[in-house]
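Student: Here you go, one structure.
What follows draws every value from the coordinates through simple rules; no lab data is involved. Remember, it's a predicted structure, so these values are computed and weren't measured experimentally. So basically every Cβ, Gly included, is an ideal-geometry build from the backbone, and we count neighbours across all protein chains shown.
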Amino acid sequence: MTIAPHFQYRNGVLHAENVSLAELAHKYGTPLFVYSRKALHDAWEAYRSAAGDRRVLVCYGMKANSNLAVLNEFRKLGSGFDIVSGGELARVLAVGGDASRVVFSGVGKQEWEMRAALDAGVKCFNVESEAELLRLSAVAGDMGKVAPVSLRVNPDVDARTHPYISTGLKENKFGIAIESAPAVYQKAASLPHLEIVGVDCHIGSQITEVDPYLDALDKLIILIKQLAGQGIPLKHLDLGGGIGIRYTDETPLHPSTLLDKVFAALDQHGLGHLELVLEPGRSLVGNAGVLLTTVQYLKHSPAKNFAIVDAAMNDLIRPTLYDAWHGVMPVLPRASGGDPAVYDIVGPICESGDWLARDRQLNVQQGDLLAIMSAGAYGFTMASQYNTRPRAAEIMVDDTAAYVVRPRETLESLFSCEAMLPD
């Protein structure tokens, strides 16, 4: 397995940049999420350099990791944000984000969320149904505003990824069927409190090939030309996100590989004037984080060997939810003592699905520290307090310094907002 470049062994200890993960675990306890600031910056630079001097707005898909420290780093780098809730909008505003660089996606926007986004002045609502279009027009009209809209179209393109994170097929809940889009655009054009500004498409996540994007783009170009013929010109094309990362032996798609081909196609069809909007999430943060965990017990049986750790599915649900593969690295590899064995890495939660990795050959003993790799995306944001377990602390490393960007929850905080009935 290839180790992420910002997490390397130094003098026999796994480090985040120039900070020992063993020291962080000792100081802050486990489970513990640790992020690399430089990894965030380097991932952002891949998109910036790929865009060159073209008009490209990168809107970080913040559902991947919405910690304020992460958001603030991307804000300072010039990122916009792709949000899917009013809560995410509040986080963007809390770090001083520019609402005019925010696109609001999601299939179930509520009225209060629409009002908050209109008050803030978001760049665009990515509308996913005709019913949503009608509600947005009514809300904007009631507020005396005009809502900028883009229709999220579903091109029926197979992203060749896990079915749970594929979003561009006919059977998925997302978007408007591309063959229905011209009529829905005409409907939008007839509503006085809407302004059509673009078209949006997001076909899935953890995509490692360029062809699905280009297949979707071919269909979008046809639609854009058809809309122009109907007197509906667009200002931007939102191609979504979804570029994958390396969890094991994948070869990730570099942003320049995608954008070079996208720019060429747009120029060929006379559409180079369109602003290109991208919504990367995982590819900006996934390899920037690890989850540290401590082995509590080793349990051997004729059928399986188990390394029972203090992290669990409530900390990182991707393995049990998606059958996702995460690398497992010893923080302090053993030079000798003990024999390697094949283990399932499991947590203490009372569910058979509580596992983080299966069939991994490890030389491990009780008390050892393990790093679950590539946990920067969809780790803490999908965490829960199941089994009344406090959620992990989050640490951001910057060269030789480490900062607590979210403290560990206390047991008391888990039920401080609850109340019992009177006697």
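Student: Considering only DSSP beta bridges where both residues belong to the stretch 105-280, give the percentage that are antiparallel (nearest 5).
Tutor: 5
Student: In whole angstrom, how far apart do the alpha carbon centroids of the stretch 87-128 and the stretch 265-312 sit?
Tutor: 25
Student: Quick one: length gained pulling ARG10 to ARG48 fully straight, 0.36 nm per residue minus the C-alpha distance?
Tutor: Stretched fully, the ARG10-ARG48 segment lengthens by 10.6 nm.
Student: Let's test the formula: R0 of 30 Å, r as the Cβ-Cβ distance of LEU93 and LYS27. What FRET efficiency results, to the nearest 0.05?
Tutor: In this case the efficiency is close to 0.40.
Student: Using all Cα-Cα distances in the chain, what percent lands in each 10 angstrom bin from 0 up to the longest?
Tutor: Percent of Cα pairs in each bin: 4, 21, 29, 23, 14, 7, 1, 0.
Student: Now for a separate question. What distance in nm separates the two pseudo spin-label positions at ASP267 and CYS350, each 7 Å out from Cα along the beta-carbon direction?
Tutor: With each label point 7 Å from Cα toward Cβ, the separation is 6.3 nm.
Student: Another question, then. Can you give me the convex hull volume of the Cα atoms of the stretch 285-416, divided per residue and expressed in Å³?
Tutor: Spelled out: Cα convex hull of the stretch 285-416, divided by residues, is 122 Å³.
Student: Could you state the principal axis extents of the C-alpha atoms in the stretch 248-302, from the largest down, to the nearest angstrom?
Tutor: Cα extents, longest axis first: 65, 22, 14 Å.
Student: Moving on. Alpha carbon centre of the stretch 185-245 versus the stretch 370-393: separation in Å?
Tutor: 34
Student: To the nearest 20 debye, what is the magnitude of the charge dipole of the chain about its Cα centre, counting +1 on the Cβ of each Lys and Arg and -1 on the Cβ of each Asp and Glu?
Tutor: 400
Student: Moving to a separate point now. Less than 14 Å Cβ to Cβ from ILE317, Lys/Arg counted +1 and Asp/Glu -1: what total charge do the surrounding residues give?
Tutor: Net of charged neighbours comes to 0.
Student: I would also like to ask the following. Can you give the Rg/Rh ratio of the stretch 21-157, where Rg is from the C-alpha atoms and Rh is the Kirkwood radius?
Tutor: 1.06
Student: Which of the aspartates and glutamates could be linked to LYS63 by a straight reach, that is with a Cα gap under 14 Å, when you skip same-chain ones fewer than 8 residues away?
Tutor: ASP82, GLU88, GLU279
Student: Given VAL364, PRO333, GLY347, which one lies farthest toward the positive end of the charge dipole of the stretch 325-374, if we put +1 on the Cβ of every Lys and Arg and -1 on the Cβ of every Asp and Glu?
Tutor: PRO333
Student: OK, next. Using only Cα atoms, figure out Rg for the stretch 56-130 and give it as a multiple of 2.2 N^0.38 Å.
Tutor: Here the Cα radius of gyration is 1.00 times the empirical estimate.
Student: Using unit Cβ charges (K, R positive; D, E negative) and no other charged atoms, how large, in debye to the nearest 20, is the dipole of the stretch 105-280 about its Cα centre?
Tutor: 400
Student: What 222 nm value per residue comes from the helices of the chain, counting each DSSP H run with n ≥ 4 as -39,500 (n - 2.57) and dividing by all residues, nearest 500 deg cm²/dmol?
Tutor: Here the helix-only value at 222 nm equals -8500 deg cm²/dmol.
Student: Given contacts defined as C-alpha pairs under 8 Å and at least six residues apart, what's the relative contact order of the stretch 105-280, whole-number percent?
Tutor: 19 percent.
Student: Something else about it: Residue separation times 0.36 nm, minus the C-alpha to C-alpha distance between GLU412 and LEU214: what's the value?
Tutor: 66.2 nm
Student: Could you give the alpha-carbon Rg of the stretch 343-423 over 2.2 N^0.38 Å, rounded to two decimals?
Tutor: 1.42
Student: Based on the Kirkwood radius over alpha-carbon pairs, what value in µm²/s does the Stokes-Einstein equation return for the translational diffusion coefficient of the stretch 105-280 at 25 °C and 0.890 mPa s?
Tutor: So the translational diffusion coefficient is about 147 µm²/s.
Student: Okay, next question. Label ALA228 and ALA177 with points 7 Å out from Cα along Cα→Cβ: what is the distance between them in nm?
Tutor: Inter-label distance under the simple model: 2.7 nm.
Student: I've got another one for you. Using DSSP to call loops (not H, G, I, E or B), can you name the chymotrypsin sites (Phe, Trp or Tyr not before Pro) in the stretch 384-423 whose Cβ has at most 10 other Cβ atoms within 10 angstrom?
Tutor: Those that pass, being in a loop and sparsely packed, are PHE415.
Student: If you don't mind, there's one more thing I want to ask. Just the Cα atoms of the stretch 1-54: what Rg and Dmax do they give in Å?
Tutor: Cα radius of gyration and Dmax of the stretch 1-54 are 14.5, 47 Å respectively.
Student: Counting DSSP beta bridges in the chain, what percent are antiparallel, to the nearest 5?
Tutor: If I count the DSSP bridges inside the chain, around 45 percent turn out antiparallel.
Student: May I ask for the angle, rounded to the nearest 10°, between helix 181-190 and the longest principal axis of the chain, with both axes built from Cα atoms and the value confined to 0 to 90°?
Tutor: 60
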